[in-house]
Amino acid sequence: MNKQELAIAITEKTNLTKAAAEKFINIFTDAITEALAKGDKVQLIGFGTFETRERAAREAHNPATGGTVKVEAKTVPVFKPGKALKFFVNK
């Protein structure tokens with residue numbers, strides 16, 4: 001499901017227009033993005049938790065050249081599904 005299909009699914013379950021549903025999706029994703037950029041955790045009980053984790057610097061293998069490449073340390077976003085989401089997916 002892409003963003004357009006999600007907006008259509010929201011319009012079918014609510015009285016929102018497609019434009020309003022798309023605006024809601026944008027506001028929702030922007031709020032999560034901003035929270036993660038500040039280092040906050042976003043927890044939606046039953047659905048899951050969005051948070052960031054630190055990845056240490058390391059050396060990786062470049063299959064094209066056979067040599068090693070340095071990969072710098074970075075912060076990555078992660079999603080941990082909640083109990084209810086896991087239940088419905090595995091139904």
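In degrees, nearest 10, range 0 to 90: what is the angle between the Cα axis of helix 3-13 and the longest Cα principal axis of the chain? Rounded to the nearest ten degrees, it is 30. So which residue, out of Ala20, Ala31, Ala60, gets the largest mean-square fluctuation from a GNM of the chain using Cα contacts under 10 Å as springs? For the chain, modelled as a Gaussian network with Cα springs under 10 Å, the answer is Ala60. Listed values for the range 30-37 are Karplus-derived 3J(HN,Hα) couplings in whole Hz (6.51 cos²θ - 1.76 cosθ + 1.60, θ = phi - 60°), namely 5, 5, 5, 4, 5, 5, 5, 5, and x replaces Gly and Pro.
When only alpha carbons are used to place a centre, the range 1-19 and the range 29-66 end up 27 Å from one another.
Computed from the Cβ-Cβ distance with R0 of 22 Å, the FRET efficiency linking Val42 to Ala19 stands at 0.30.
Would you please give the residues with an amide H less than 5 Å from that of Leu16, counting only those at least 5 places away or on a separate chain, with H modeled from the backbone geometry? It is none; the list stays empty. In order along the range 63-79, the phi-based Karplus estimate (6.51 cos²θ - 1.76 cosθ + 1.60, θ = phi - 60°) of 3J(HN,Hα) comes to x, 6, 9, x, x, 9, 10, 7, 10, 6, 5, 7, 9, 10, x, 9, 10 Hz; Gly and Pro are listed as x. Taking a straight line from the alpha carbon of Lys74, these lysines sit under 26 Å away, with near neighbours fewer than eight places off in the same chain left out: Lys38, Lys41. Residues whose amide H lies under 5 Å from that of Gly48, counting only those 5 or more places away or on a different chain, are Gly82; hydrogens are built 1.01 Å from N in the peptide plane. Using Cβ point charges alone (K and R +1, D and E -1), the dipole size of the chain about the Cα centre works out to roughly 300 debye.
Taking the three principal axes of the alpha carbon atoms in the range 3-89, the coordinate ranges are 57, 29, 27 Å, sorted in descending order.
Computed from the coordinates by the stated procedures, all read-outs in this text should not be read as laboratory data. Everything quoted here is computed from the prediction, not taken from an experiment. Glycine gets a Cβ as well: all are built from the backbone with ideal geometry, and neighbour counts include every protein chain shown.
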